[in-house]
Amino acid sequence: MDLLLQHVINAVSLGGTYALLSLGLAIVFSIIGLINFAHGELMTAAGYTIFFMLAAGVSLPLAIVFAIVAVAILAMGIERVAFRPMRKADMTGLLITSFAMSMILQAFFQNAIGARPRAVAMPEALSGVVNLGSVHLGIIPLMSISITVVALVALNLFLKHTVMGITMRAAAEDIDVVRLLGLKAGRVVATSFAVSGVLAATAAFLWVAQRGSVDPLMGFVPVLKAFVATIVGGLGSLTGAVAGGMLLGIVEVLAQVVLPPSMVEFRDAFVLGFVILLLLVRPQGLLPAPTGRRS
Amino acid sequence: MPMLRKNTRRAALALSLLASTAGFAAAEDFVLGLATGQTGGLAAYDQPSLAGLKLAIDEINARGGLGGKYPVKLEIKDTRSDTAAAVQAAQELVDQGVNAIITPCDADPSIAAGQITQGAEIPTFTFCGSTPTITSAVGDFMFGTYPADNAQALVLAEFAAKKGYKSAYVLKSADSAYTLKLPEYFATAFEAAGGKVLEQSTYTMGQQDFGAEVTKIKGLNPQPDVIMTAAYEPDFPAFIKQLRAAGVTAPVLGSDGIDTPTTLSLGSVADGLVHTTAGFAVPGSSLEAFNAKYKQATGKEPDTVYIANGYEIGLILDAAAKVAASPRGRDLRDAIANLENVEGVTGPITYKGTAGMPVRSISLVEVKGGARSLVEAVVPEAAKVPAP
């Protein structure tokens, strides 16, 4: 029973991080139909911001806030420089632009900051444990679950109760109609990038707290997981992205637990095999967007 | 004297032709070709290795070149950490007729590029590739410089046996030769030393979450005496944090991949961790002097021993060029293969009697309170090193 609870916490905490990541991808996709592969580099940028802030003696909470703001601005900057000129381009053009952006940022980090990982010293308290009977709950998993919940609730409130949020949901349905109504489409797109930056920075903090360092190629694995999660959840659907992230986390932990030791090294093959099966049954993903857009 | 002028012109023409086949080299230049990953995933290893090598080459050229005879020119190609690009770069370097070649800090591109350099009979070094099969898979023109994985594993296993550990849990990953084979060599050596390996489990590199593995270890009854892994950043910090958070107190043994500043920034979870490294700068050591020299030359703090290892490749070539009948091909290969006790900055390096992976000292260090201290420096006994 204790062991089961431990595994459930592991699964929900990993799934929560994936959900934050895939939500960042999905929010941009829902508006302009672009899977932004430079999303991982937004995480890396957030990691470096936290690193430099801590090195400069800034407290961790302040460093996180600063990283969130900085990366939101960076995401809007990327939109302005790389994606806005490509607005009329087709899906392939946008996709390649996002890959290019990702590589440019990686090369920038490698040459400007250095190829070696930089240690991010997290406060000792974060490595701590909460003891519930015989169950040890790590502070970091608990934190990642609570941060995920807070972020999801905040995003939900933003989308449902602010003018910009409602406009964004409308744009996700049909951006041309939003334009016809006299709303500024450019601002909607920029905001979606800013929100994705906020989500990337939040996820980056959780990611870095686990691994203790930041390096130029750090964003690759998370963006890949997020991509799989958004596909599983249904491209363009925000609830789908959260469901996809959670499901991916749960399936990964489950595979690690139930596979016999000799098979565990093929864990990812089993997980992706499950994804393929799921897509055979539900080609649009778990909870597809009503417009059913696919890239 | 028209005749003589004509001859001179011919000689000049022949010389320039010769020079053009060698790329750019003047007659006695030693061209060292590098097909290494200066960008991409291997840059974290190949960049510092190159920085160390460059420092050595600058010093050697100031002394008149390798062995005092052959000024070195570096021909640097970036493989972007791509194996196919490493093969292509090696082919280009072979076509340019370079004297020696250096391949990346990884087994796959080194073995692939080695297939070409072996055929062309050009002595080749892997920057810091430590998989012992690199040299056995390629042949007698391939050399390693970094302490081999199986030698490191032996040092760890003998340390574990000496500490009285009877049972071990081994965590490995099939995603790289290093993370897979080093723990397996450890398991072999540990059982040869009388220990028992309870379980070998695997993780995926970059998976971030070790909750499932850790919960499994926690559920073991009895608990293992020691946990051994060759995981490195970002996996190792994530693993040990979650391991300690779950309340597992068994000591952990690691390998040289975690000889990084990150390990020291982990705080109390890393206390008691023992790992191997290619060199540890104790006060008064030549490594400490080298680190000071590097800082003075570049203005940067040397944050990894790969820098010193890259520097030592320069020293190895220098020592070989002194005794080689000619600075290329079989002559150079034979000279390297017979080197004994070359005074490196991390200790003496010997190739004589090996299959290309050098015999050299390996340091065991213990982490405590955010600092490392030397446990011991050992030269592993060749007969006991697990077969590659």
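Tally up the residues in the range B:237-266 that are more than 9 Å from every other protein chain (Cβ to nearest Cβ), surrounded by 21 or more Cβ atoms within 10 Å (Cβ to Cβ) and over 20 Å from A:VAL253 (Cβ atoms), please.
8
Only one residue in B:PRO302, B:PRO237 is touching a Lys or Arg at 6+ places or on another chain (Cβ under 8 Å), over 16 Å from B:SER130 (Cα atoms), of a type outside the set (Asp, Glu) and not assigned by TED's automatic domain parsing to the domain that holds B:LEU374, so which one is that?
B:PRO302
Would the range A:28-39 turn up any residue that is under 24 Å from A:ARG118 (Cα atoms), among the aromatic types (Phe, Trp, Tyr) and either touching a Lys or Arg at 6+ places or on another chain (Cβ under 7 Å) or assigned to a loop (DSSP other than H, G, I, E, B) (or both)?
Taking every residue of the range A:28-39 in turn, at least one turns out to be under 24 Å from A:ARG118 (Cα atoms), among the aromatic types (Phe, Trp, Tyr) and either touching a Lys or Arg at 6+ places or on another chain (Cβ under 7 Å) or assigned to a loop (DSSP other than H, G, I, E, B) (or both).
Which condition breaks for B:PRO183 when tested against (1) under 22 Å from the mean Cα position of the chain (by Cα); (2) closer than 22 Å to B:TYR351 by Cβ; (3) not charged (D, E, K, R)?
Among (1) under 22 Å from the mean Cα position of the chain (by Cα); (2) closer than 22 Å to B:TYR351 by Cβ; (3) not charged (D, E, K, R), the lone unmet condition for B:PRO183 is (2).
Quick one: is B:GLU340 surrounded by fewer than 20 Cβ atoms within 10 Å (Cβ to Cβ), outside any strand (DSSP E or B), acidic (Asp, Glu) and touching a residue at least 12 places away in the same chain (Cβ under 8 Å)?
Yes.
Which numbered condition trips up A:SER30, out of (1) surrounded by fewer than 22 Cβ atoms within 10 Å (Cβ to Cβ); (2) touching a Gly at 6+ places or on another chain (Cβ under 6 Å)?
Here A:SER30 meets the rest and fails (1).
Being at pLDDT 55 or above and surrounded by 14 or more Cβ atoms within 10 Å (Cβ to Cβ) is the filter; apply it to the range B:13-34 and report the residue that is nearest to the other protein chains (Cβ to nearest Cβ).
Looking at residues that are at pLDDT 55 or above and surrounded by 14 or more Cβ atoms within 10 Å (Cβ to Cβ), I get B:LEU34.
Looking only at residues in the range B:213-231 that are surrounded by 24 or more Cβ atoms within 10 Å (Cβ to Cβ) and part of a loop (DSSP other than H, G, I, E, B), which one is nearest to the other protein chains (Cβ to nearest Cβ)?
So, considering only residues that are surrounded by 24 or more Cβ atoms within 10 Å (Cβ to Cβ) and part of a loop (DSSP other than H, G, I, E, B), the one nearest to the other protein chains (Cβ to nearest Cβ) is B:ALA231.
Out of the residues in the range A:64-83 that are in contact (Cβ under 8 Å) with a residue 60 or more places away in the chain and loosely packed, with under 15 Cβ neighbours inside 10 Å, which is farthest from A:SER144 (Cα to Cα)?
Result: A:ARG80.
Is the range B:177-198 home to any residue that is within 12 Å of chain A (Cβ to nearest Cβ), free of Cβ contacts under 8 Å to residues at least 60 places away in the same chain and either of a type in the set (Gly, Ala, Ser) or closer than 20 Å to A:GLY128 by Cβ (or both)?
Checking the range B:177-198: not a single residue is within 12 Å of chain A (Cβ to nearest Cβ), free of Cβ contacts under 8 Å to residues at least 60 places away in the same chain and either of a type in the set (Gly, Ala, Ser) or closer than 20 Å to A:GLY128 by Cβ (or both).
Whether any residue in the range B:106-117 is within 14 Å of another protein chain (Cβ to nearest Cβ), surrounded by fewer than 24 Cβ atoms within 10 Å (Cβ to Cβ) and within 29 Å of A:PHE220 (Cβ to Cβ) is what I want to check.
Within the range B:106-117, not a single residue is within 14 Å of another protein chain (Cβ to nearest Cβ), surrounded by fewer than 24 Cβ atoms within 10 Å (Cβ to Cβ) and within 29 Å of A:PHE220 (Cβ to Cβ).
Determine which member of the set A:GLY33, A:GLY15 is at pLDDT below 95 and within 13 Å of the chain's Cα centre (by Cα).
That would be A:GLY15, the only listed residue that is at pLDDT below 95 and within 13 Å of the chain's Cα centre (by Cα).
What single numbered condition from (1) surrounded by 18 or more Cβ atoms within 10 Å (Cβ to Cβ); (2) out of contact with any helix residue (DSSP H, G or I) (no Cβ under 7 Å at 6 or more places or on another chain); (3) closer than 30 Å to B:LEU287 by Cβ fails to hold for B:LEU53?
If we test B:LEU53 against (1) surrounded by 18 or more Cβ atoms within 10 Å (Cβ to Cβ); (2) out of contact with any helix residue (DSSP H, G or I) (no Cβ under 7 Å at 6 or more places or on another chain); (3) closer than 30 Å to B:LEU287 by Cβ, just (2) comes out false.
Going residue by residue through the range B:202-212, is there one that turns out to be in a strand (DSSP E or B), of a type outside the set (A, V, I, L, M) and surrounded by 23 or more Cβ atoms within 10 Å (Cβ to Cβ)?
Yes, that holds for at least one residue.
If you take the residues of the range B:35-49 that are crowded, with 24+ Cβ neighbours inside 10 Å, touching a helix residue (DSSP H, G or I) at 6+ places or on another chain (Cβ under 7 Å) and not in a strand (DSSP E or B), which of them is farthest from the other protein chains (Cβ to nearest Cβ)?
B:SER49
Residues are listed down the side, and each one gets a yes or a no for (1) more than 13 Å from chain A (Cβ to nearest Cβ); (2) of a type in the set (S, T, N, Q):
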| residue | (1), (2) |
| --- | --- |
| B:ASP235 | no, no |
| B:GLU288 | yes, no |
| B:ASN291 | yes, yes |
| B:TYR306 | no, no |
| B:LEU315 | yes, no |
| B:ARG328 | yes, no |
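Return the residues of the range B:282-311 that are aromatic (Phe, Trp, Tyr) and either part of a loop (DSSP other than H, G, I, E, B) or crowded, with 22+ Cβ neighbours inside 10 Å (or both); say none if nothing qualifies.
B:PHE290, B:TYR306, B:TYR311
Could you list, in sequence order, the residues of the range A:212-257 that are within 12 Å of chain B (Cβ to nearest Cβ), in a helix (DSSP H, G or I) and of a type in the set (Gly, Ala, Ser)?
Answer for the range A:212-257, where residues must be within 12 Å of chain B (Cβ to nearest Cβ), in a helix (DSSP H, G or I) and of a type in the set (Gly, Ala, Ser): A:GLY249, A:ALA255.
Which one of these is in a helix (DSSP H, G or I) and within 18 Å of the chain's Cα centre (by Cα): B:GLY314, B:GLY279?
B:GLY314
Could you please let me know if B:GLY272 is in a loop (DSSP other than H, G, I, E, B) and in contact (Cβ under 8 Å) with a residue 60 or more places away in the chain?
Yes.
In the set A:LEU54, A:LEU60, A:LEU34, which member is touching a residue at least 24 places away in the same chain (Cβ under 8 Å) and over 22 Å from A:PRO123 (Cα atoms)?
The match here is A:LEU34.
Restricting to the range A:96-136, give me the number of residues that are more than 14 Å from B:GLY267 (Cβ to Cβ) and assigned to a helix (DSSP H, G or I).
Of the residues in the range A:96-136, 17 are more than 14 Å from B:GLY267 (Cβ to Cβ) and assigned to a helix (DSSP H, G or I).
Look through B:ALA320, B:ALA278, B:ALA355 and report the one residue that is buried (at least 16 other Cβ atoms within 10 Å of the Cβ), closer than 17 Å to B:GLY52 by Cα and either within 14 Å of another protein chain (Cβ to nearest Cβ) or of a type outside the set (Lys, Arg) (or both).
It is B:ALA278.
So how many residues does the range A:96-121 have that are farther than 16 Å from A:MET43 by Cβ, at the interface with chain B (Cβ under 8 Å from one of its Cβ atoms) and among the aliphatic types (A, V, I, L, M)?
4
Out of the range B:123-143, which residues are touching a residue at least 40 places away in the same chain (Cβ under 8 Å), buried (at least 24 other Cβ atoms within 10 Å of the Cβ), assigned to a loop (DSSP other than H, G, I, E, B) and not aromatic (Phe, Trp, Tyr)?
Correct list: B:PRO123, B:CYS128, B:SER130, B:THR131, B:PRO132.
Among the candidates A:VAL275, A:VAL271, which residue alone is within 30 Å of A:VAL195 (Cα to Cα), away from every other protein chain (no Cβ under 14 Å) and either touching a Pro at 6+ places or on another chain (Cβ under 9 Å) or modelled with pLDDT of 90 or more (or both)?
After applying the criteria, what remains is A:VAL275.
Conditions: (1) outside the structural domain of B:ASP259 (by TED's automatic domain parsing); (2) under 18 Å from B:PRO388 (Cβ atoms); (3) buried (at least 18 other Cβ atoms within 10 Å of the Cβ). B:TYR178 meets all but one. Number of the miss?
The one condition B:TYR178 does not meet is (1).
The values are calculated or read from the model by the stated rules, or taken from the named source; none is laboratory data. Computed from a prediction, not measured in an experiment: that's the story for all the values here. Methodologically, a virtual Cβ is constructed for each residue, glycine included, from the backbone with ideal geometry; neighbour enumeration extends over all protein chains shown.
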